[in-house]
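Below is one structure, written out as structure tokens; comments come after it.
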Amino acid sequence: MELNKHFYNLLAEDFSRTRANIWEEFKSLGEYWQDRDQVLDLGCGNGRFYDLVCRPGKNIKYFGVDNSERLIAMAKQNYPQGQFILNDGLELPFGDEFFDKVLCIAVLHHLPGYDLRREFLRQARRVLKKDGLLVLTTWFAAPGKRRWRNLLKYSWLKIIGRSKLDWGDFYEPWGNKGVRYFHNFSAKEMRNLLEDVGFKIESIGFLTRKSGEKNLVVVARK
């Protein structure tokens, strides 16, 4: 977690430039946000998903949290109408049943180990109202793609005793400027984790970019 926090603070401007807008594959997630919803963007980064949640004509209260000081500063500057808080998601500063919906885009795969992932999701569930909705995505290493090659690399290093990472973990370089930690979830693993926390799965599927890279997308209810 500290490695990734350092990465996002160090390269916040570079990262944000590549994510100034909502990518096409995420636009289908706009259907989940309804008038008068109170929504938490858990791991909001530079705040770009504010536009996905708070579409014109919708009276929605938006809150974003992230553990990167620099990305939160950018979010506040870009979307002063939102409410942004510096937080790592493991002890959310909100009361029980505070939100109607929680959005969590490309965050859970950054948490190392089952216990941290479980606590992160327990916090998300705690702040959701009864029957509240979680919309979550993580990276997915599709065979033949860059993520898959990195996953295979670190799996092989583990087999030969040269990696202390868990199975499914890998590091992804950002050019020559830094690296991030990821965990590759299977659909079965994700389902088991969410159900262990107490969520009821409504759907599990994939969002695919033009490049062929995939994101696992899950919709679950409290």
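The values are calculated or read from the model by the stated rules, or taken from the named source; none is laboratory data. Just so it is clear, the model here is predicted, and its values are computed rather than measured. Please note: Cβ atoms are built from the backbone with ideal geometry, for glycine as well, and neighbour counts cover all protein chains shown.
Here SER68 clears all of (1) surrounded by 16 or more Cβ atoms within 10 Å (Cβ to Cβ); (2) of a type in the set (Ser, Thr, Tyr); (3) within 25 Å of GLY212 (Cβ to Cβ); (4) in contact (Cβ under 8 Å) with a residue 60 or more places away in the chain except the condition numbered (3).
This table checks each residue for (1) farther than 27 Å from VAL39 by Cα; (2) of a type in the set (Phe, Trp, Tyr); (3) under 19 Å from the mean Cα position of the chain (by Cα).
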site	(1), (2), (3)
LEU116	no, no, yes
LEU136	no, no, yes
GLY144	yes, no, no
ARG147	yes, no, yes
LYS153	yes, no, no
TRP156	yes, yes, no
PRO173	yes, no, yes
MET190	no, no, yes
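Determine whether LEU216 is within 30 Å of ASP37 (Cβ to Cβ) and either out of contact with any helix residue (DSSP H, G or I) (no Cβ under 8 Å at 6 or more places or on another chain) or touching a residue at least 40 places away in the same chain (Cβ under 8 Å) (or both). The answer is yes for LEU216.
Restricting attention to region 14-32, does a residue exist that is in contact with a Gly (Cβ under 9 Å, 6 or more places away or on another chain), modelled with pLDDT under 95 and exposed (fewer than 14 other Cβ atoms within 10 Å of the Cβ)? The answer is yes, given that some residue of region 14-32 is in contact with a Gly (Cβ under 9 Å, 6 or more places away or on another chain), modelled with pLDDT under 95 and exposed (fewer than 14 other Cβ atoms within 10 Å of the Cβ).
Considering region 147-179 alone, what residues qualify as being within 23 Å of LEU10 (Cα to Cα) and either touching a residue at least 60 places away in the same chain (Cβ under 8 Å) or not acidic (Asp, Glu) (or both)? Show your work before the answer.
Of all residues in region 147-179, those within 23 Å of LEU10 (Cα to Cα) come to 147, 150, 169-179.
ARG147, ASN150, PHE170, TYR171, PRO173, TRP174, GLY175, ASN176, LYS177, GLY178, VAL179, listed by residue number.
In the set PRO112, PRO93, which member is within 26 Å of ASN9 (Cβ to Cβ) and under 17 Å from the mean Cα position of the chain (by Cα)? Break it down stepwise before answering.
Details: PRO93 fails: under 17 Å from the mean Cα position of the chain (by Cα).
Exactly one residue qualifies, and that residue is PRO112.
Just one of (1) more than 14 Å from VAL219 (Cα to Cα); (2) in a helix (DSSP H, G or I) fails for LEU121. It is (1). The criterion of being within 17 Å of LEU92 (Cβ to Cβ), at pLDDT 95 or above, among the acidic types (Asp, Glu) and surrounded by 18 or more Cβ atoms within 10 Å (Cβ to Cβ) does not hold for ASP37. For the residues PHE206, PHE140, the requirement of being under 16 Å from ALA106 (Cβ atoms), exposed (fewer than 15 other Cβ atoms within 10 Å of the Cβ) and within 15 Å of the chain's Cα centre (by Cα) singles out PHE206.
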